[in-house]
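Shown next, in structure tokens, is the structure this report addresses.
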Amino acid sequence: MEKNIRCFVALDLPYSIIEEAKTIQADIKKHDLIIGNYTKPENIHLTLKFLAEIPEEEIDEVKEALREVKAKSFEAAVDELGVFSPEFARIIWLHLNGQEVLDLQKTIDESLVKYFPKEQRFQSHITIARVHNLKSKEELLNYVKSFKVNETRGKILSFSLMKSTLTAQGSVFEVIERYELN
């Protein structure tokens, strides 16, 4: 019986950006705004493309396609805190700015078009918390709107094909293969 592996392509974030995400998480906790899960520091990433469940024997083809991606390393910065839907406010994210992020995502999308449909609406975001319950939606939305992110910069040097295993304690991510940017 063939085994499927849940996979995604992630932008590997520099230490400076992960530290800023942790600082913001601590501030949200201090304000006691949500009941939910905060992304563990080792799991903080930006998903360039979610691949879903892939048959194990197709992983090598995906790795091969990703090896063909050519891109230069670049600087990026987090610059905004947000939620996807003010109505539901289920995900709190940090925006990672930079045309290079969008360009790399498009290049990866193109490289995998033979295997996966193209992304319809990529948003350059880093999930820092998943909201299960809110004490006050209005308070959270005001907090997010007024929060000033320290525009933290860092060098993006690689992206990775990741395996995601869902457990009762949350997702466990592991690198299948890392791809250096030149």
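The values are calculated or read from the model by the stated rules, or taken from the named source; none is laboratory data. Just so you know, these numbers come straight off a predicted model, no measurement behind them. Counting neighbours? That spans all protein chains shown, and the Cβs are built from the backbone with ideal geometry, glycine included.
Things to note:
- Figure legend. Inter-residue proximity from the stretch 98-120: first residues without any contact (Cβ under 8 Å) to a residue 12 or more places away in the chain, second residues crowded, with 17+ Cβ neighbours inside 10 Å and not in a loop (DSSP other than H, G, I, E, B), beta-carbon distance below 8 Å, spacing 6+ or different chains. Indicated pairs: Lys118/Asp109.
- Residue check, Lys3 touching a helix residue (DSSP H, G or I) at 6+ places or on another chain (Cβ under 7 Å) and more than 24 Å from Ala89 (Cβ to Cβ): yes
- Of all residues in the stretch 30-82, those satisfying the criterion of being part of a strand (DSSP E or B) and acidic (Asp, Glu) are Glu53, Glu75, Asp79, Glu80.
- Being at pLDDT 95 or above and of a type outside the set (Lys, Arg) holds for only one residue in Gly82, Gly98, and it is Gly82.
- The single condition among (1) under 16 Å from Lys22 (Cα atoms); (2) buried (at least 19 other Cβ atoms within 10 Å of the Cβ) that Ala76 does not meet is (1).
- Test: residue in the stretch 160-173 that is more than 27 Å from Gly36 (Cβ to Cβ) and either under 15 Å from the mean Cα position of the chain (by Cα) or modelled with pLDDT under 95 (or both): yes
- Pick from the stretch 83-93, criterion part of a loop (DSSP other than H, G, I, E, B) and within 19 Å of the chain's Cα centre (by Cα), ranking: nearest to Glu151 (Cα to Cα): Phe84
- Pairs with Cβ under 8 Å, 6+ apart, first in the stretch 130-144 and over 25 Å from Gly170 (Cα atoms), second assigned to a loop (DSSP other than H, G, I, E, B) and small (Gly, Ala, Ser): Leu141/Ala89
- Whichever residue in the stretch 24-56 is free of Cβ contacts under 8 Å to residues at least 12 places away in the same chain and exposed (fewer than 12 other Cβ atoms within 10 Å of the Cβ) and, among such residues, is farthest from Ile91 (Cα to Cα): Lys30
- Only residues that are without any contact (Cβ under 8 Å) to a residue 24 or more places away in the chain and either of a type in the set (Lys, Arg) or closer than 15 Å to Phe88 by Cα (or both) were counted across the stretch 145-178, and they come to 2.
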